Amino acid sequence: MTKLRVHSFSISLDGYGAGPDQSLNNPLGVGGERLHEWAFQTPTFRGTHGMEGGEGGVDETFAARGERGLGATIMGRNMFGPIRGEWKDDWRGWWGDDPPFHHPVFVLTHHAHDTIPMDGGTTFHFVTEGIHEARDRALDAAGGQDVRIGGGPSTIRQFLEADLIDELHVAVVPILLGSGETLLGGLDLDELGYQIAEFTASPSAAHYVLTREA
């Protein structure tokens, strides 16, 4: 059965999934890159970003799981770039000419934009009709494989509130950001039908997998 999944999404101990003041110099907000240090040394992350080496273990297990069986990704506009308002035609994402997705990516936005084909099989599509339209288009494009909800926090929150996410992997890292964009604050995940299916910790992160009751 095709699932909508969140994988390898990092939050700080005080609940923030992104730092404040996103910009070209701070793609994840001020201090936000520290959220993902657990993943940076995994062979999976390094391999998808054109690097060699890396360390195995718990963090690699979760990083690798998050890349398997995916046919499409949905992300919010803030994950695609720091531009607000009308688009600038020369912006093609953070990832260079060959982004690490290698499948269709659907970007939620209020401003229409032409489709952007990239190297390596990634194509960015821009959806102005909301999360349900993005979900339907991504499921169709995925061809029976799963769809990843890539972030940022506000995008994931919308899908959680709409009862659309089947599996949620959160990596809680031992840092404090103090401010930024919260992931789960104000959400009643128990009321929404989620339960903790797995918990495993490494020295770098505590990994929680939540699933939704049928």
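The values are calculated or read from the model by the stated rules, or taken from the named source; none is laboratory data. Treat the numbers as computed from the prediction; the structure is a model and nothing was measured. Here the Cβ is made from the backbone with ideal geometry for all residues, glycine too, and neighbour counts use every protein chain on show.
For the reader, a short list of remarks on this structure follows.
- Residue list for the stretch 7-33, restricted to those being over 23 Å from Ile74 (Cα atoms) and modelled with pLDDT of 95 or more: Leu13, Asp14
- Test: Thr122 is surrounded by 13 or more Cβ atoms within 10 Å (Cβ to Cβ) and of a type in the set (S, T, N, Q): yes
- Residue selected from the stretch 19-65 under the condition surrounded by fewer than 20 Cβ atoms within 10 Å (Cβ to Cβ) and in contact with a His (Cβ under 8 Å, 6 or more places away or on another chain), by the criterion nearest to Val209 (Cα to Cα): Arg65
To keep it simple, each residue is scored yes or no on (1) outside any helix (DSSP H, G or I); (2) among the aliphatic types (A, V, I, L, M); (3) under 14 Å from Ile11 (Cα atoms).
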{"position": "Phe126", "(1), (2), (3)": "yes, no, no"}
{"position": "Arg135", "(1), (2), (3)": "no, no, no"}
{"position": "Ala171", "(1), (2), (3)": "yes, yes, yes"}
{"position": "Leu177", "(1), (2), (3)": "yes, yes, yes"}
{"position": "Asp188", "(1), (2), (3)": "yes, no, no"}
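- Condition check for His102: under 20 Å from the mean Cα position of the chain (by Cα), modelled with pLDDT of 95 or more, in a loop (DSSP other than H, G, I, E, B) and surrounded by 14 or more Cβ atoms within 10 Å (Cβ to Cβ): yes
- Set side by side, the residues Thr73, Thr155 differ, and just one is under 12 Å from the mean Cα position of the chain (by Cα), closer than 21 Å to Met1 by Cα and buried (at least 18 other Cβ atoms within 10 Å of the Cβ), which is Thr73.
- Checked against the criterion of being part of a helix (DSSP H, G or I) and within 15 Å of the chain's Cα centre (by Cα), the stretch 108-120 contains not a single residue that satisfies it.
- Leading residue by the ranking (nearest to Gly29 (Cα to Cα)) among those in the stretch 158-197 that are surrounded by 13 or more Cβ atoms within 10 Å (Cβ to Cβ) and of a type in the set (Asp, Glu): Glu181
- Cross-chain or 6+ apart pairs with Cβ under 9 Å, the stretch 119-142 first and farther than 22 Å from Leu160 by Cβ and modelled with pLDDT of 95 or more, then part of a loop (DSSP other than H, G, I, E, B) and of a type in the set (Ser, Thr, Tyr): Thr123/Thr115; Phe124/Thr115; His125/Thr115; Phe126/Thr109; Phe126/Thr115
- Among the residues of the stretch 125-140, those that are surrounded by 14 or more Cβ atoms within 10 Å (Cβ to Cβ) and either among the small types (Gly, Ala, Ser) or under 15 Å from Arg77 (Cβ atoms) (or both) comprise His125, Phe126, Val127, Ile131, Ala134, Ala138.
- Residue in the stretch 198-214 that is nearest to Asp146 (Cα to Cα), counting only those that are of a type in the set (Val, Ile, Thr) and crowded, with 16+ Cβ neighbours inside 10 Å: Thr211
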